[in-house]
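As structure tokens, the structure follows; a few thoughts come after it.
The values are calculated or read from the model by the stated rules, or taken from the named source; none is laboratory data. What you are looking at is a predicted structure, and each value in this text was computed from that prediction instead of being measured. Quick reminder, even Gly has a Cβ in these numbers, built from the backbone with ideal geometry, and neighbours come from all protein chains shown.
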Amino acid sequence: MERPLTQFIHPGCPPFDLREYEMTGGYSALKKALAGMTPLEVQKLVQDSGLKGRGGAGFNTGMKWSFVPMGDAAPHPKYLIANADEMEPGTFKDRLLLEGNPHQLIEGMILSAYAIQAGVSYIFLRWAYKKAAQLLRKSIHEAYTAGLLGKNILGSGFSLEMHLHTGVGRYMCGEETALLNALEGKRATPRAKPPFPQVSGLYGKPTIVNNVETLCNIPHIVNNGAAWFKGLSNSEDSGTKLYGVSGKVNTPGCWELPMGVTVRELIEEHAGGMQNGYQLKGVLPGGASTDFLTAEHLDVKMDFGGVQAAGSRLGTGTMVVMDDATCPVGFVHNLQHFFAQESCGWCTPCREGLPWVEKMLMSLEEGSGTAEDVELLQMHTQLLGPGNTFCALAPGAMEPLQSALKYFREDFDRHIQLHRCPYENGHH
């Protein structure tokens, strides 16, 4: 099967420069679009392809673009932003794309900007991705020098400026409206919606924010068509997906596979199965803010509908495997510590609730927890759930907790009965 995203990426090898990227067909999609397609035709092609956002929300990309005002009367400038603030624990897929083939992202961004007639674009990059920053600066400079960025690109009359912006290290900046505030130099807190960024985003102008993996699909869809992209999939969700596996498996890593592979295939075939002496206890299928699945879910398809039907979310598609020697209470406590630390503090349930959750889990781990604490934890999964907070950070934080209480309740109870963590010496 042809691999649209990672076909040029070889771990350990330097990424292609502009000349090498063009030798493998790079920027041919841009030339095709600028020479013979209108912006609305690019929008429709991407919408027909069924490409869904790869950052976790899973919304149809072309449809998202269609909400941007078009035509001469539309507000200007418009903005196109690549969300490269990859800080979800357990997630590392975008880093491979940024370090492995930066020109692929740049081409995808130029095409996407053309589709919505944006004149300015930003790559909002996680502060810790130093290598990616270095490679992107070099690649953006190459694109400008070759006339692929700047004024009148390839003589088409379309112009686009591109800037690299490195964030200051807050997980909150990955939320699209908090990202816009950060880009404007403000505190990274989420905005009320409506208005949606597609109408009033960066500096009050129409703005599209797309994930890195989403944007990297665009050149291949333009080159090969909607039917081709749909045909890459094993499910009703189109295309391929970068799937990752971390934890006590034999070969942790990241692979590009048809959308809809099963949890079993990912863990047993690609990740080489569990390490000797360990058994699978649970899986977070799409990063730290998704609900646990268990061994009974091994044949669930890793697509948006399949994982949702099983009671979780595909999220970023990078799964964290929890083995039977790891304490679920300690595992979830570690995640809640992260989320409590990364809350922007904008709304009360998240600002006050997450530290409470973390403290209750710590008391269970230390042996001073009570049955009432477990009931309070259960209550917090509702109080901090969807609809009760300003953005999705706290509801996302509750997903591993609520599912741990569902599937591993006996582990919580054993902490109370023994007045200690039963996993202190490995296998309990």
Exercise. Out of segment 249-295, which residues are under 14 Å from residue 323 (Cα atoms) and of a type in the set (Lys, Arg)?
Worked result: 281
Seminar exercise, completed: Residue set 213, 268; condition among the acidic types (Asp, Glu) and assigned by TED's automatic domain parsing to the domain that holds residue 309; output residue 268
Exercise. Listed residues 387, 330; which is at pLDDT below 95, out of contact with any strand residue (DSSP E or B) (no Cβ under 6 Å at 6 or more places or on another chain), surrounded by fewer than 22 Cβ atoms within 10 Å (Cβ to Cβ) and of a type outside the set (Phe, Trp, Tyr)?
Worked result: 387
Problem set entry | residue 378 being modelled with pLDDT of 95 or more, closer than 25 Å to residue 347 by Cα and surrounded by fewer than 18 Cβ atoms within 10 Å (Cβ to Cβ) | yes
Problem set entry | Candidates 403, 343, filtered to the one that is over 20 Å from residue 283 (Cα atoms) and crowded, with 20+ Cβ neighbours inside 10 Å | 343
Problem set entry | Selection count where residues are within 17 Å of residue 108 (Cα to Cα), out of contact with any Phe, Trp or Tyr (no Cβ under 9 Å at 6 or more places or on another chain) and not hydrophobic (A, V, I, L, M, F, W, C), scope segment 49-65 | 6
Exercise. Among the residues of segment 143-184 satisfying the criterion of being in a loop (DSSP other than H, G, I, E, B) and in contact with a Cys (Cβ under 9 Å, 6 or more places away or on another chain), which is nearest to residue 339 (Cα to Cα)?
Worked result: 170
Problem set entry | Residue match in segment 131-147 (condition: farther than 20 Å from residue 93 by Cβ, of a type in the set (A, V, I, L, M, F, W, C), surrounded by 13 or more Cβ atoms within 10 Å (Cβ to Cβ) and out of contact with any strand residue (DSSP E or B) (no Cβ under 6 Å at 6 or more places or on another chain)) | yes
Exercise. Taking the condition in a strand (DSSP E or B), crowded, with 22+ Cβ neighbours inside 10 Å and in contact with a strand residue (DSSP E or B) (Cβ under 6 Å, 6 or more places away or on another chain), does residue 307 pass?
Worked result: no
